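Every read-out reported here was derived from the displayed coordinates using simple, explicitly stated rules and does not represent laboratory data. Because the structure is a prediction, the values reported are computed rather than measured. Positions of Cβ are backbone-derived with ideal geometry, glycine not excepted, and every protein chain shown enters the neighbour counts.
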Amino acid sequence: MRVLYLTAVIATLCSFASASSPILPRQQDPCTATAANASVELGNWLECQVNKFFPYPANGAWDVAYEAVFSKTLLASFNQSRFDFDGFKTLYKSFNASIGASFKEFDHGFLTTVSVPNSCGDKGGFVYATGWEGGTTLLGTDLWFTDAVFVVVEDVGGERQIAEFRESSNIPFSGNLPATQDWTCALP
């Protein structure tokens, strides 16, 4: 009887933890979600844009989405490497090829998003996000990884653009990384 009771308690606790855990992926479409305030709106915007350009699985014209959302003066990093607009786009092309050659099913999603809008009231701000990615490999093994990003969003003529994108992930990469690029330091 005690074992049965203990099993019921554990099942109840696990279901509560699962239902309220901040580490479960969000299920709402950020592109159509209603925003309660400027922080939520900025976070939803970033998630929507990432879902458009993250190039796999077959997001269609991801390169068009990439060109629309990133500033041409982009500063981007992936782990220890650094890129400009064109270099980061080349990196994502190689990610697409690597994922396509390694996975038969692949997906990604967001776990948390912390957004801080600019205090001046424009559409810019800062976003910190964590997420997951992975799926079933061609060998039939399920592999899952985590990802984090810090993003600076600028208001350019009333439209949002990503000016900085600093990404870190523990997903293995089987392709060739484009050559890292030096960033010049320039203060306004």
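Overview of results
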item	result
Phi-based couplings in Hz for region 78-86 (Karplus 6.51, -1.76, 1.60; Gly and Pro marked x)	10, 6, 8, 8, 10, 9, 9, 3, 5
Radius ratio Rg over Rh of region 36-169, counting only Cα atoms, Kirkwood formula for Rh	0.98
Calculated FRET efficiency for the pair Lys72/Ser119, C-beta based, R₀ 25 Å, to 0.05	0.45
Note, ³J(HN,Hα) from phi for region 41-53, Karplus 6.51, -1.76, 1.60, rounded to Hz, x at Gly and Pro	4, 5, x, 4, 4, 4, 4, 4, 5, 4, 4, 7, 9
Calculated FRET value between Trp183 and Thr34, using beta carbons and R₀ = 41 Å, to 0.05	0.65
Nitroxide proxy distance, nm - points 7 Å out along Cα→Cβ at Phe150 and Phe126	0.7
Neighbour-count order for Tyr128, Tyr92, fewest beta carbons within 10 angstrom listed first	Tyr128, Tyr92
